[in-house]
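The values are calculated or read from the model by the stated rules, or taken from the named source; none is laboratory data. If you're wondering where the values come from, they're calculated on a predicted model, not measured in any experiment. Cβ atoms come from the backbone with ideal geometry, glycine included; neighbour counts cover every protein chain shown. Surface areas here come from the heavy atoms of the whole protein model, side chains and all, with no ligands, DNA or RNA. Shrake-Rupley method; radii C 1.70, N 1.55, O 1.52, S 1.80 Å.
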Amino acid sequence: MKTLLAALLIALLTGCATGPVIDHTYSAKGQSSRVKFVVLHYTAINLPQSIKVLTEQTVSSHYLLTDEAIPVVYGLVDETRQSNHAGVSNWKNYTLLNGSSIGIEIVNPGFTESPAGRVWYPFPQAQVDRLIVLLQDIVKRHNIPPENILGHSDIAPQRKQDPGPLFPWGQLARHGLVAWPDAAKVAAARPVYDLMLPDVAWFQARLATVGYAVPQTGLMDDATRNVIAAFQMKYRPLTIDGAPDAETAALLDALTTPAVKPAAPALPAAPTPPAPAQPVA
């Protein structure tokens, strides 16, 4: 009897220690992954410093991709949990993207200032290849659309530049990971905008359609220029001056103009049956 009571007491205490018993017989149909976006960053510091900062300070990321000859992906925060990588951020109707995104920090120096301006650092191909594999896995598991693979500069264009103009977005696009303007559409639209450039309100509206948080004032202010520069950094990195020029307009046009579905061919009319022959009198 004493043995039985002891066993019951142990079971009771064990149950209290492990929390409530949850019955998972049923599962709700109305659910989805909390992950809607992936945000890419460069660390702007070397590998040892990156590990120290991302593991010992409040800033963090779900993954850290090294710049070694054979790059390593470190998982620092479980995907089910929030990491502190995005900060004040916006994309489409979402704000504060930490709670709805996976953050990937890529070891890269970013840039240095020189008398001729900023000198940006490229990303080794081995690092890019490893990133593509990682993104493919994340996208498949969370069903993330290409327009939601973003840079920190996309979601915070007023204060961030990473992953910078040398990040190879085009390679990601060729693997279907990033939304990309169709080259034929860009070429077709460019002559139109060379003749007449849209006003600032047009640029602001199209940038908002892509997903950027941009003022809708019709005025060419610093905030709008920063957003245009962020867009150019991703899609036209050779010139990132934030100027609303014809090439930028053509890129925006190609990205935001819905594809026109061809009209269904008209069905031929049913043949009219011949009239019955009349008897000869």
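Sort 195-207, 241-253, 19-31 for me by packing, meaning the mean count of neighbouring Cβ atoms within 10 Å per residue, highest on top.
The peptides rank, most packed first, as 241-253, 195-207, 19-31.
Taking the square root of 5 times each eigenvalue of the Cα gyration tensor, what semi-axes in Å does the equivalent ellipsoid of the range 92-238 have, largest first?
25, 19, 17
How much of the accessible area of the chain, probe 1.4 Å, is carbon plus sulfur, in whole percent?
C and S fraction of accessible area: 62 percent.
Which GluC sites (Glu not before Pro) does the range 93-182 hold that lie in a coil by DSSP with at most 15 other beta carbons within 10 Å?
Hits after loop and neighbour filter: nothing returned.
Of Lys29/Lys185; Lys29/Lys234; Lys36/Lys234; Lys29/Lys52; Lys140/Lys234, which pairs sit farther than 30 Å apart, going by alpha carbon to alpha carbon?
In this structure, Lys29/Lys185; Lys29/Lys234; Lys29/Lys52 lie more than 30 Å apart at Cα.
Return the inverse of the average 1/r over all pairs of distinct C-alpha atoms in the range 203-248, which is the Kirkwood hydrodynamic radius, in Å to one decimal.
That comes to 10.4 Å for the range 203-248.
Restricting to DSSP H runs of at least four residues, report the calculated mean residue ellipticity at 222 nm for the chain, -39500 (n - 2.57) per run over all residues, nearest 500 deg cm²/dmol.
Result for the chain, helices only: -11500 deg cm²/dmol.
Separation between the Gln125 and Met196 pseudo-spin-labels, each 7 Å from Cα along Cα→Cβ, expressed in nm?
Spacing of the two 7 Å Cα→Cβ label points: 4.6 nm.
Would you mind calculating the gained length between Lys185 and Tyr26 on full extension (0.36 nm times residue separation, minus the Cα-Cα distance), in nm to one decimal?
52.4 nm
How large is the convex hull of the C-alpha atoms of the range 41-112 per residue, in Å³?
102 Å³
Using Cα pairs under 8 angstrom and six or more residues apart, how large is the relative contact order of the chain, in percent?
Across the chain, relative contact order equals 16 percent.
If the chain between Arg141 and Ala173 were fully stretched, how many nm would it gain, using 0.36 nm times the residue separation less the Cα-Cα distance?
In short, 9.7 nm is gained.
For the chain, what does the accessible surface come to per residue with a 1.4 Å probe? Please give it in Å².
Ligands and nucleic acids excluded, the figure is 59 Å² per residue.
Using 0.36 nm per residue of separation minus the Cα-Cα distance, give me the extension gain between Lys92 and Asp241 in nm, one decimal.
The span from Lys92 to Asp241 would gain 51.3 nm if fully extended.
For the chain, what proportion of DSSP beta bridges, expressed in % and rounded to the nearest 5, is antiparallel?
Approximately 45 percent, going by the DSSP bridge assignments.
Only sites in a loop by DSSP and with at most 14 other Cβ atoms within 10 Å count here; which trypsin sites (Lys or Arg not before Pro) in the range 87-188 make the cut?
Of the trypsin sites (Lys or Arg not before Pro), the ones in loops of the range 87-188 whose Cβ has at most 14 other Cβ atoms within 10 Å are Arg159.
Check Lys160: other-chain or 5+ apart residues with amide H under 5 Å from its amide H, H built from backbone geometry?
Result for Lys160 returns nothing.
Just for the Cα atoms in the chain, what are the lengths along the principal axes, largest first, rounded to whole Å?
119, 83, 42
Going by amide H atoms built from the backbone, whose H comes under 5 Å of the H on Ser89, apart from near neighbours?
Residues meeting the criterion, in which the H sits 1.01 Å from N, are Leu96, Leu97.
Please compute the modelled spin-label separation between Val72 and Asn84, points set 7 Å along Cα→Cβ, answer in nm with one decimal.
My value for the distance between the label points is 2.5 nm.
Under a 10 Å cutoff between Cα atoms, tell me which one of Val107, Val73, Val38 has the largest fluctuation in the Gaussian network model of the chain.
Val73
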